[in-house]
1. If you average over every viewing direction, what projected area does the convex hull of the Cα atoms of region 93-240 give, in nm²?
2. Could you give each residue of region 212-227 its phi-based ³J(HN,Hα) in whole Hz, using Karplus coefficients 6.51, -1.76, 1.60 with θ = phi - 60°, and x for Gly or Pro?
3. Classify region 111-189 as rounded, prolate or oblate, taking a ≥ b ≥ c as the square roots of the eigenvalues of its Cα gyration tensor: rounded when a/c is under 1.5, otherwise prolate if a/b is larger than b/c and oblate if not.
4. Stick to Cα atoms and the Kirkwood definition of Rh, then tell me Rg/Rh for region 97-143.
5. Scan region 108-210 for trypsin sites (Lys or Arg not before Pro) in coil per DSSP, keeping those whose Cβ has at most 12 other Cβ atoms within 10 Å, and list them by number.
6. In terms of the Cα gyration tensor, with a ≥ b ≥ c the square roots of its eigenvalues, is region 247-309 rounded because a/c is under 1.5, prolate because a/b exceeds b/c, or oblate?
7. Subtracting the Cα-Cα distance from 0.36 nm times the residue separation, let me have the gained length for Ser52 to Thr216 in nm, one decimal.
8. Rounded, prolate or oblate: which fits region 47-129, taking a ≥ b ≥ c as square roots of the Cα gyration tensor eigenvalues, rounded meaning a/c under 1.5, else prolate when a/b beats b/c?
Amino acid sequence: MAGRFAPRTPVTRATTRGGEVAVPTARATGAGPGASSESGCCPSSGSGTSASGGRERRYVPPGPLDLGLVLGPLRRGPADPTFRTTPDGSVWRASLTPAGPGTLRVAARDGAVRAEAWGPGAEWLLEQLPALLGGSDDPDAFEPRHRLVAVSRHRRPGLRLTATGLVMESLIPSILEQKVTADEAYRAWRLLVRKYGEPAPGPAPDRMAVMPQPRTWALIPSWEWHRAGVDDKRAATILRAVRVARRMEEAAAMPPEQAQARLELIPGIGPWTSAETIQRSNGAPDAVTVGDLHLPGIVGHALAGDRDADDAAMLALLEPYAGQRHRATRLILLSGRTPARRQPRMPRGDIGPL
């Protein structure tokens with residue numbers, strides 16, 4: 001039987017609600033699109049041209065780095081067209097940058113990160129690489145106040161908060177996730193991006209796509225929103241947001257509180273949606289999500305044995321982490337200490353036949 005099955009590639013533990021994705025270890029193989037030796041990478045201060053025709057950069061993070069933990073929150077479901085992990089230990093992202101569409105591939109090995117990028121947005125993606133990988137984050141500013149949080153942090157030294165610098169790519173899927181199951185939201189994002197986006201530049205994995213331009217979102221017919229399972233309220237909120245996309249993108253350079261206020265000027269965008277967006281675009285360590293169906297109960301159960309906690313109780317429990325409440329909730333989610341379910345999952349929505 002020896003040799004019948006290929007050896008299983010080691011992966012990190014996947015915890016969806018904690019924002020962790022399974023990323024094969026980089027030592028598993030050096031193969032894959034655009035693969036080359038680390039010695040061919042450019043220094044962290046600049047970029048060069050790779051053998052596959054893209055731009056490349058080598059970046060040394062300031063401390064431990066776990067790609068699955070840092071970039072995991074950017075994946076919208078296992079079949080997200082804009083996010084992919086591959087067996088060679090790489091994470092691929094397709095983004096609509098201020099310079100145009102771009103594809104980014106990152107892989108960590110021996111304490112350094114090698115990045116390659118293709119398309120009009122390649123240079124922008126490489127310039128943003130340190131912030132994307134949490135280079136602007138300060139994990140040392142966090143002081144655990146509960147044993148569970150301290151243990152979770154100790155077990156995940158590579159957790160840093162990403163800052164993509166891109167608002168709309170997190171805002172639109174966050175709107176799609178309003179008041180529906182995750183599966184429904186992931187399906188809508190997948191269908192709309194694949195149909196109205198454009199193929200990811202460069203040697204990206206099959207069926208990867210860049211999200212549509214703001215004008216393209218605005219021109220999607222009503223029946224296509226319907227086919228994707230998106231009700232009129234969420235579709236209308238997205239249409240209002242894309243009409244002022246430039247103003248929304250400016251929020252990436254604002255302090256988190258001002259950025260959330262900017263987003264919430266759009267009818268249909270409230271504290272839940274703005275926090276979920278700014279956590280990713282700005283790397284906001286204190287942007288705690290309120291209005292979530294499950295999070296208050298999870299935090300209450302983990303910190304006080306209160307599975308029936310509401311937003312007010314959750315915020316009271318997180319008060320010792322003021323300034324770092326989002327990081328605290330991520331560590332709580334990653335601890336795996338969640339209350340057992342005692343009622344059916346939220347039912348799937350049905351907006352009716354065409």
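Every number here is computed from the coordinates shown, using simple stated rules; none is lab data. For clarity, every value in this text was computed on a predicted model and none was experimentally measured. With ideal geometry, Cβ positions are generated from the backbone for all residues, glycine too; neighbour counts draw on all protein chains shown.
1. Numbers: hull surface 44.5 nm².
Spelled out: convex hull of the Cα atoms, projected over all directions, averaged, 11.1 nm².
2. x, 5, x, 5, 5, 4, 5, 9, 5, x, 4, 5, 6, 4, 4, 4
3. On the way: a/c = 2.47, a/b = 1.14, b/c = 2.17.
It is oblate, given that a/c is not under 1.5 and a/b is not larger than b/c.
4. Numbers: Rg = 12.8 Å, Rh = 11.8 Å.
Rg/Rh for region 97-143 comes to 1.08.
5. Details: sites: Arg109, Arg114, Arg145, Arg147, Arg153, Arg155, Arg160, Lys179, Arg187, Arg190, Arg194, Lys195, Arg207; in loops: Arg145, Arg160, Lys179, Arg207.
The qualifying sites are Arg207.
6. On the way: a/c = 3.85, a/b = 2.14, b/c = 1.80.
Prolate shape, in that a/c is at least 1.5 and a/b is the bigger ratio.
7. Numbers: separation 164, 0.36 × 164 = 59.04 nm, distance 3.03 nm.
The span from Ser52 to Thr216 would gain 56.0 nm if fully extended.
8. Working: a/c = 1.57, a/b = 1.06, b/c = 1.49.
Oblate, because a/c is 1.5 or more while a/b does not exceed b/c.
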